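Notes follow once the structure below has been shown.
The values are calculated or read from the model by the stated rules, or taken from the named source; none is laboratory data. Just so we're clear, the structure is a prediction, and the values are computed from it rather than from any experiment. All Cβ positions, glycine included, derive from the backbone under ideal geometry; neighbour counts span all protein chains shown. Heavy atoms of the whole protein, side chains included, go into the accessibility calculation; ligands, DNA and RNA do not. Shrake-Rupley method; radii C 1.70, N 1.55, O 1.52, S 1.80 Å.
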Amino acid sequence: MSAGFYFGVEVFLNGLMTGVMYSLVALGFVLIFKASGIFNYAQGVMALFAALTLVGFKDGQIPFAHLFNAIFGTDIHHFGWHLPALFAVLLALFIMILFAWLVEKLILKHLVNQEPIILFMATIGLAYFMEGFGDLMWGADIKKLDVGIPQGGNLWIEESTAFLGGDDFYGFYLDNLDIWASVVAAVLVTGLVIFSQYTKTGRALRAVADDHQAALSVGISLRVIWVIVWSIAGFVALVAGIMWGSKSGVQFSLSLIALKALPVLILGGFTSIPGAIIGGLIIGVGEKLFEFLVGAPFLGGATENWFAYMLALVFLVFRPQGLFGEKIIERV
């Protein structure tokens, strides 16, 4: 095989890795939509807020330091200590669970049995509040996140595949962080599928999504279910924030990864956990191969910015429920 063929295979593999990163964000959307019927516009901001909180705890940053300095004329920024990565992750997870409880207490309990559009608008307001609150609490500067996950090219894979394409090919370049993300995503999806399909709580989550009033009538606590599902979504957001923050730094543009999750959801289906992974892989591979085969040679490049949305548009026309979504049939 020629070196060009193996370059194409490398692009394909990197597309799979990128797709897994998209899927991690899409998982949060699916969880909340599957369990409560709410499209959570704030999921991307949740990943940003979780990453900001993790970096803040790990680096010993004083929360609201900029506000205190502006009010009192002080110049304080850090406590002077650093937390171990694992302890900082556990603290950030606690904050996300606390956030889930507050969302239910202050917002969701007042919107029981309301129209989906009302719940959707509530998540838009929540997204903008969290983004502003995160800025106020931790500052808007770009932060480096390092929790000990290996980064950079995997030398073993590169050296083991260098012989494939002759003198013009130097081996597959695969990022260690992307490989770790793939493993983490596989574990998450397996655990979430088991939880959703084979546990009493998982079945209760699906019942709440179908009909709030009916779920209440059979003794399912809607408030408890919402706290559980938003806590799980917060955990998924934390994992996504760790992976994306480690890859590109923790910055406020991190919240925009939610936009790339939308085509993933359209392809995979809004109610399918495995669909979030498959949709992410299709988007990741598709945009990389399209850029490699068509975009760079014929269109001047930069096709990765819009390819996913064009593919999603095709699915909306021919299969709006997605590959794994449930087809909704209403009696008229």
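For the reader, a short list of remarks on this structure follows.
- Selection within the range 126-141 - more than 17 Å from GLY44 (Cβ to Cβ) and either in contact (Cβ under 8 Å) with a residue 40 or more places away in the chain or assigned to a helix (DSSP H, G or I) (or both): LEU136, MET137, GLY139
- Every test in (1) at pLDDT 85 or above; (2) open to solvent by 10 Å² or more (accessible area, probe 1.4 Å); (3) in contact with a helix residue (DSSP H, G or I) (Cβ under 6 Å, 6 or more places away or on another chain) is passed by ALA3 save one, and that test is (1).
- Verdict on LEU91 being in contact with a Lys or Arg (Cβ under 7 Å, 6 or more places away or on another chain) and of a type outside the set (Val, Ile, Thr): no
- Test: ILE38 is assigned to a loop (DSSP other than H, G, I, E, B), hydrophobic (A, V, I, L, M, F, W, C) and surrounded by fewer than 17 Cβ atoms within 10 Å (Cβ to Cβ): no
- Restricting attention to the range 287-310, the residues that are in a helix (DSSP H, G or I) and open to solvent by less than 20 Å² (accessible area, probe 1.4 Å) total 4.
- Only one of the listed residues (VAL229, VAL224) is in a helix (DSSP H, G or I), more than 12 Å from ALA26 (Cβ to Cβ) and free of Cβ contacts under 8 Å to residues at least 60 places away in the same chain. That residue is VAL224.
- Selected residue [in contact with a Lys or Arg (Cβ under 6 Å, 6 or more places away or on another chain) and not aromatic (Phe, Trp, Tyr)] from LEU145, LEU164, LEU188, LEU177: LEU177
Residue-by-condition table, conditions (1) touching a Gly at 6+ places or on another chain (Cβ under 8 Å); (2) outside any helix (DSSP H, G or I); (3) open to solvent by 50 Å² or more (accessible area, probe 1.4 Å); (4) of a type in the set (Phe, Trp, Tyr):
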{"residue": "PHE57", "(1), (2), (3), (4)": "no, no, no, yes"}
{"residue": "LEU67", "(1), (2), (3), (4)": "no, no, yes, no"}
{"residue": "GLY80", "(1), (2), (3), (4)": "yes, yes, yes, no"}
{"residue": "ALA92", "(1), (2), (3), (4)": "no, no, no, no"}
{"residue": "ILE97", "(1), (2), (3), (4)": "yes, no, yes, no"}
{"residue": "TRP101", "(1), (2), (3), (4)": "no, no, yes, yes"}
{"residue": "LYS105", "(1), (2), (3), (4)": "no, no, yes, no"}
{"residue": "HIS110", "(1), (2), (3), (4)": "no, no, yes, no"}
{"residue": "ILE124", "(1), (2), (3), (4)": "no, no, no, no"}
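- Condition broken by THR190, with the remaining ones in (1) free of Cβ contacts under 8 Å to residues at least 60 places away in the same chain; (2) under 30 Å from GLY28 (Cβ atoms); (3) crowded, with 19+ Cβ neighbours inside 10 Å satisfied: (3)
- Neighbours by Cβ (under 8 Å, 6+ apart or cross-chain): first from the range 78-89, free of Cβ contacts under 8 Å to residues at least 24 places away in the same chain; second polar (S, T, N, Q): HIS78/GLN61; PHE79/GLN61
- Boolean, ALA92 is within 22 Å of ILE228 (Cα to Cα) and not charged (D, E, K, R): yes
- Residues (assigned to a loop (DSSP other than H, G, I, E, B) and not hydrophobic (A, V, I, L, M, F, W, C)) located in the range 112-122: ASN113, GLN114, GLU115
- Top-ranked residue in the range 322-332 [being at pLDDT 55 or above and either over 16 Å from ILE277 (Cα atoms) or surrounded by fewer than 16 Cβ atoms within 10 Å (Cβ to Cβ) (or both); ranked as nearest to the chain's Cα centre (by Cα)]: GLU326
The rows are residues; the columns are (1) modelled with pLDDT of 85 or more; (2) touching a helix residue (DSSP H, G or I) at 6+ places or on another chain (Cβ under 7 Å).
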residue: TRP81; (1), (2): no, no
residue: LEU136; (1), (2): yes, yes
residue: LYS143; (1), (2): yes, yes
residue: PRO150; (1), (2): no, yes
residue: TRP156; (1), (2): no, no
residue: ALA162; (1), (2): no, no
residue: ASN176; (1), (2): yes, no
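- Number of residues in the range 253-277 that are open to solvent by 40 Å² or more (accessible area, probe 1.4 Å) and either more than 25 Å from GLY56 (Cβ to Cβ) or not small (Gly, Ala, Ser) (or both) equals 5.
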